[in-house]
Structure formats: C-alpha cells, structure tokens
Amino acid sequence: MRQMSREKVSNLLDFFAILFWSLLLFKYWLTGQLNLLIHPNYFILVLVTSVILLLLAMGKLFLIINNYRPQSEWSTNNNAGQNSKLFPVGWGSSLLIIVAISGLIINPKVLNSQAAIQRGITDSLPPTTLETQSFLTTTPPEERSLIEWVRTLNVYPEPDNYTNQEANITGFVVHLEQLPDNYIYLSRFILTCCAVDAYPVGIVIELPESRSQFPIDSWLEIQGVMKTETLPPLDLKTTQKQQRQLVLKAFELKTIPTPKNPYSY
C-alpha cells in the first residue's frame, strides 16, 4: 500500500513537471521573451516542444486517472532507484517543477553593461560572425545600424576611410574606465545561438558633455559624424597604450526605451 502511494506521488510530480515546462516554454513564445533567450531560428522548435510536452502531460494524466502502472523491468529498476535512501521519491521532478515555476514568475532580463564588461569589450568580431554579403549593400552610412558599422569595420578596419560620414545608431551605454570622461561605449549584444554565448560589440562615442549625464545601461539614439581618434584600446588584454579608433562625435542624443528585441544576430 505504501509502495502504491509513493508511485502515485511520483506520477503526479512527473505530470506537473511536464505540464509546467510546457507552460513555461509557451509563455516565453507567447510573450516574446524568447527574444531575450535564443536566436529566432529556434523559436518554432520551442513552440513545437511546448506542444509535445503538453501532449505528454495529458497522456501522463490519463494514465494516473486510470491507475495504469507499467510493470516492465525498466520501470521496476527505476522505481527501485527512486526509492533509494540517497534520493527521495520524485526528487528529480520536484526540482524541475521548482525551476519551471521560477521561470513562470521571474521574467528574463536583458544583458547589460556589466555582462558586456565581464564577457570582454573588443573592437573586432569573431571570424565566424562575418557575413560578406552585409558589406556589398549600397546602404548609405547614415542608415547603417550599429551592428552594420561594426561589421564594416571588421572588413575595412582603416578608420580614416569613414571620416566625416554621418551615422545614426542606437545601443546601450557602457562606461569604460580607460576612456576619458566625455566618452562612452555604445554597445549591443549579438546572439549566435542563445544568451549564454552572446557577445558585445559597439562603437566609441565622443559626447558634448560628461558621461555622468548618461546613466549606465540607458538606451540612446545618437546622430553624429565619424572621426578618427587616438585613445586607449578597448581590449585591456592588449599591450598597446594608445590605438587609432573610429569614434562617433555625437551632435544629437536622445534617450529611448529598451527595444522589445534588444539583440542583433
């Protein structure tokens, strides 16, 4: 009798674990929060997984209602493992339930300047992110996004090539200690798969006033003109003390809300 009670508890925990994870994935998809977690290429996979988990949960509930208990050798061994003294019955499902409920309650956060500094500020992109077709377009300089500017620089790195070109870019504010007080680093994250492997890219901005007027992690839309400056390198691992860099001299700055989709791909 006690064995049957333990199995019922275990089956119920399995049902709720599958159900809550189905709801969590569907919530991320429905609310658009998947934009903060994974690349859009995987959105449909998340939705399909959510539906499959829901069907599995309904199947599990049907078995519980009908008191169906498989008696295969695998099931016997599995129950024996669950009933061991080391782990209580249903501990794995309970852990999954706690994680899923936490995800339902707590919304994912946008990666910020602290994450950017921790992951490393550099002035170049990994080779795998370069897309040749991006540089063959006839997009005027003032219509390029921040990411397009960074990718262009990685292919044609000479900053003097862009002197006096107008730009209009958006990103979040990063304060770098190695830069003078009237400079900020305007950054965005690029996702190749998920938020775990996201990395920051950006452009140095020359401000008309102290950067203290522009809080860390605030989002700005900046219009200005490109110029070449000799500044301390962004990458602290380099041995150079000064480095020629492309800088956007800001003429107009406007604070904007955090975009619904703050990442690029």
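The values are calculated or read from the model by the stated rules, or taken from the named source; none is laboratory data. This is a predicted model, so every value here is computed, not measured. Cβ coordinates were reconstructed from backbone atoms using ideal geometry, including for glycine residues, and neighbour counts include every protein chain displayed.
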So, of the residues in segment 167-191 that are without any contact (Cβ under 8 Å) to a residue 60 or more places away in the chain and of a type in the set (D, E, K, R), which turns out to be surrounded by the fewest Cβ atoms within 10 Å (Cβ to Cβ)? Glu177
Report, by residue number, each residue of segment 26-69 that is in contact (Cβ under 8 Å) with a residue 12 or more places away in the chain and not in a helix (DSSP H, G or I). Gly32, Leu37, Ile38, His39, Arg69
From the list Phe20, Phe87, exactly one residue is modelled with pLDDT under 85, farther than 25 Å from Pro262 by Cα and not polar (S, T, N, Q). Which is it? Phe87
Near pairs, Cβ below 9 angstrom, 6+ apart or cross-chain, from segment 204-224 (closer than 19 Å to Ala115 by Cα) to any residue that is in a loop (DSSP other than H, G, I, E, B) and hydrophobic (A, V, I, L, M, F, W, C): Val204/Leu176; Val204/Leu179; Val204/Leu234; Phe214/Leu207; Asp217/Val110; Leu220/Phe214
Considering only strands (runs of 3 or more DSSP E) wholly within segment 160-251, the ones with at least 1 residues that are within 28 Å of the chain's Cα centre (by Cα) and among the polar types (S, T, N, Q) are 166-174, 183-190, 219-231
Sort out which residues of segment 213-232 are closer than 23 Å to Leu111 by Cβ and not β-branched (Val, Ile, Thr), and write them in order of number. Phe214, Pro215, Asp217, Ser218, Trp219, Leu220, Glu221
